[in-house]
Amino acid sequence: MTRESSPGPLPLDDITSDLRALVGRLGEQLEGVATVGTEQAADTGVVEGGDVVPLREGAVRVWWMHSAEEIYVGIGDAPGWEVPRSAASVDLLHAVIEEAVAGRVEVGKGRGTTTYRVRTPDGHVREDTHEALRGLLLPMPWKPRLRWESSKPYFAGPSTQ
C-alpha cells in the first residue's frame, strides 16, 4: 500500500464478491490437480487473497491479494503486479489463471533467478521475476542468462512420447 494513512476496511463490493466466488469455483474446477485456498492478513477485514497451487511438478502457482485500494496478481514466488481495484483487474486475474492452468506461462530460470512471462488476451506480455537468496547474495553486474521453457498444464494429458 503506497498511502501513508492506514488502509480502510475491505469493501463488500462486486470485486470482493467476485474474488471470493472465484476461490469456490476454482476449488471445484481444479479438484485433484491443485490446492485452492484463501488467505487473510492478521489485520482481518483489510486484506484478503487467494492461492492456486498446482500438484503437478512444472506447473506454476498463481496468487492474488486485494485491499480497498488495489489488487496484486502474482505467479510463482514473484512479487506480483499491482493493478487497480477494478473489474478489468479481476479479468486479468482470470486470464493469468487460465494461462497457468493451460501451461502457457513461460518460465526462465537462471542463477538464483526465475522469471515468469504470461501473455494476456489483450495482447500484453506481463513479466515478473523472483530472486532467490542465492541471487540476492551473489549479485551479478549483468542480467543472468535464463533458460526458457513452458510451464506444465495443471491437467496431465495423454503422453505424446
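Values for this structure:
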read-out: Residues (β-branched (V, I, T), part of a strand (DSSP E or B) and open to solvent by less than 20 Å² (accessible area, probe 1.4 Å)) located in the range 29-68; value: V52, V62
read-out: Matching entry among R61, R111, R25 (being out of contact with any strand residue (DSSP E or B) (no Cβ under 6 Å at 6 or more places or on another chain) and within 23 Å of L146 (Cα to Cα)); value: R111
read-out: Any chance E70 is modelled with pLDDT of 95 or more, within 27 Å of G123 (Cα to Cα) and touching a Pro at 6+ places or on another chain (Cβ under 7 Å); value: yes
read-out: Among the residues listed as V96, V60, V107, V90, the single one being aliphatic (A, V, I, L, M), free of Cβ contacts under 8 Å to residues at least 40 places away in the same chain and under 23 Å from Y154 (Cβ atoms); value: V96
read-out: So V105, is it open to solvent by less than 10 Å² (accessible area, probe 1.4 Å), modelled with pLDDT of 95 or more, farther than 25 Å from D13 by Cα and touching a helix residue (DSSP H, G or I) at 6+ places or on another chain (Cβ under 7 Å); value: yes
read-out: Per-region count, the range 108-133, residues among the basic types (K, R), farther than 25 Å from D18 by Cβ and modelled with pLDDT of 95 or more; value: 1
read-out: Subset of the range 82-91 (residues that are open to solvent by 30 Å² or more (accessible area, probe 1.4 Å) and either in contact with a helix residue (DSSP H, G or I) (Cβ under 8 Å, 6 or more places away or on another chain) or within 16 Å of R119 (Cβ to Cβ) (or both)); value: R85, S86, A87, D91
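The values are calculated or read from the model by the stated rules, or taken from the named source; none is laboratory data. The shown structure was predicted, so the numbers you read here are calculated from the model rather than taken from an experiment. Here the Cβ is made from the backbone with ideal geometry for all residues, glycine too, and neighbour counts use every protein chain on show. Remember, those area values only see protein heavy atoms, side chains included, never the ligands or the DNA or RNA. Shrake-Rupley method; radii C 1.70, N 1.55, O 1.52, S 1.80 Å.
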